[in-house]
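**Student:** Here you go, one structure.
No value in this document is a laboratory result; all are computed from the given coordinates. The shown structure was predicted, so the numbers you read here are calculated from the model rather than taken from an experiment. For neighbour counting, all protein chains shown are included, and Cβ atoms are generated from backbone atoms with ideal geometry for every residue, glycine included.
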Amino acid sequence: MSITENVAKVLSDIEQAAIAAGRDPRQITLCAATKMNDAQNVREAIAAGVRCCGENRVQELTAKLAENAYEGADLHFIGHLQTNKVKQVVGKVSLIQSVDSLRLLEAIEKEAAKQGIRQDILLEINIGEESSKSGLHREEIYQMLEKVAQSTAVRVRGLMAIPPICQNPGDNNKFFAEMCNLSVDITEKKYDNVCMEILSMGMSDDYADAIAHGSTMIRVGTAIFGARNYGV
Ligand SMILES: *Cc1c(COP(=O)(O)O)cnc(C)c1O
């Protein structure tokens, strides 16, 4: 299937999953995970109806920006971000979804202040508490939010998670439900500069489940672009 056909299928799946969950399909944004896809593929996805692209690597982001690949879509950063590369991302993307440490938060804040802008971010949560994975552990979350509450240059718009790789369909439902609860708990605490309007969870294999559990943004790569060829 072509990228165009795949996008149509994912958009129609989103609609069905939302309706099945009693939700308005317009509450869910499709973020195309464009890593390892060239500008031409990205343009095809946007022409087919993708309104948001998520990039993982700074180098790819910079190269595709130079080719105007993302024209017509919002641009997000969704990969692990090193503090020394913050300059190349802050102000270039409307949302950094993958803020996973106090150090990174401080670096983004400093750069955004320097540019005189406000950078929207999500906090990436290590919801499966996996030692091999990035993302904040539960005990780190509130410290981050207190920092953001004092900030003039950074705003938290929600949470993002990459749950553990699962063996069986439905395995991640408990993590999706935990994410949803966490966002409700945070909302109740009423931090300045923090809102929980975005819950970024769900990928190619499990986005329908994520939507059933309150996801407002799914990040989909393979189901749009096909399997990535890591061999090249
Ligand atoms: C690659 C990637 C995705 C998409 O994964 P697929 O399984 O290909 O849909 C989502 N989120 C992040 C952070 C990614 O790096």
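**Student:** Which listed residue (His137, Ile165, Gly72) has the Cα farthest towards the positive end of the charge dipole for the chain, taking +1 on Lys and Arg C-beta and -1 on Asp and Glu C-beta about the Cα centre?
**Tutor:** The Cα lying farthest towards the positive end belongs to Gly72.
**Student:** Size of the dipole of the range 55-160 about the Cα centre, Lys and Arg at +1 and Asp and Glu at -1 on the beta carbon, nothing else charged, in debye to 20?
**Tutor:** Roughly 340 debye for the range 55-160.
**Student:** Using alpha carbon coordinates only, what is the Rg to Rh ratio of the range 1-72, with Rh defined as the Kirkwood radius?
**Tutor:** 1.03
**Student:** Now a separate question. Could you give each residue of the range 139-150 its phi-based ³J(HN,Hα) in whole Hz, using Karplus coefficients 6.51, -1.76, 1.60 with θ = phi - 60°, and x for Gly or Pro?
**Tutor:** Result, ordered by residue: 6, 8, 5, 6, 4, 4, 5, 5, 5, 4, 4, 8 Hz.
**Student:** Take the Cα atoms of the chain, find their three principal axes, and give me the spread along each one in whole Å, biggest first.
**Tutor:** Sorted largest first, the three principal extents are 48, 40, 33 Å.
**Student:** Could you work out [θ]222 nm for the chain from helices alone, using -39500 (n - 2.57) per DSSP H run of at least four and dividing by all its residues? Round to the nearest 500 deg cm²/dmol.
**Tutor:** Calculated from helices alone, the mean residue ellipticity at 222 nm is -11500 deg cm²/dmol.
**Student:** Moving on to the next point. Note down the nm distance, to one decimal, between modelled labels 7 Å out along Cα→Cβ at Ile141 and at Asn68.
**Tutor:** 4.2 nm
**Student:** In the chain, if the dipole is taken from +1 on Lys/Arg beta carbons and -1 on Asp/Glu beta carbons about the Cα centre, which of Val154, Ala113, Gln82 is farthest to the positive end?
**Tutor:** It is Ala113.
**Student:** Another question, if that's okay. Where the centroid of each part is defined by its Cα atoms, how far is the range 143-219 from the range 80-108 in Å?
**Tutor:** 18 Å
**Student:** Magnitude of the Cβ-charge dipole of the chain, K/R +1 and D/E -1, about the Cα centre, nearest 20 debye?
**Tutor:** Computed about the Cα centre, the dipole is about 620 debye.
**Student:** Report the charge-dipole magnitude of the range 139-201 in Debye, nearest 20, computed about the Cα centre from +1 at each Lys and Arg Cβ and -1 at each Asp and Glu Cβ.
**Tutor:** The calculation lands at about 200 debye.
**Student:** While we're here: List, in order, the whole-Hz ³J(HN,Hα) value for each residue of the range 23-37 obtained from phi through the Karplus relation with A = 6.51, B = -1.76, C = 1.60 and θ = phi - 60°; use x for Gly and Pro.
**Tutor:** 10, 7, x, 6, 6, 10, 9, 8, 9, 7, 7, 9, 3, 6, 10
**Student:** Grab the eigenvalues of the alpha-carbon gyration tensor for the range 164-232, scale each by 5, take roots, and send me the semi-axes largest first in whole angstrom.
**Tutor:** Gyration-tensor ellipsoid for the range 164-232: 27, 15, 10 Å.
**Student:** Taking neighbour Cβ counts within 10 Å as the exposure measure, how do Lys110, Lys189 sort from fewest upward?
**Tutor:** Ascending Cβ contact count within 10 Å gives the list Lys189, Lys110.
**Student:** Projected onto the charge dipole of the chain (+1 at Lys/Arg Cβ, -1 at Asp/Glu Cβ, origin at the Cα centre), which of Asn41, Leu11, Ile28 gives the Cα projection farthest towards the positive end?
**Tutor:** The one lying farthest along the dipole's positive direction is Asn41.
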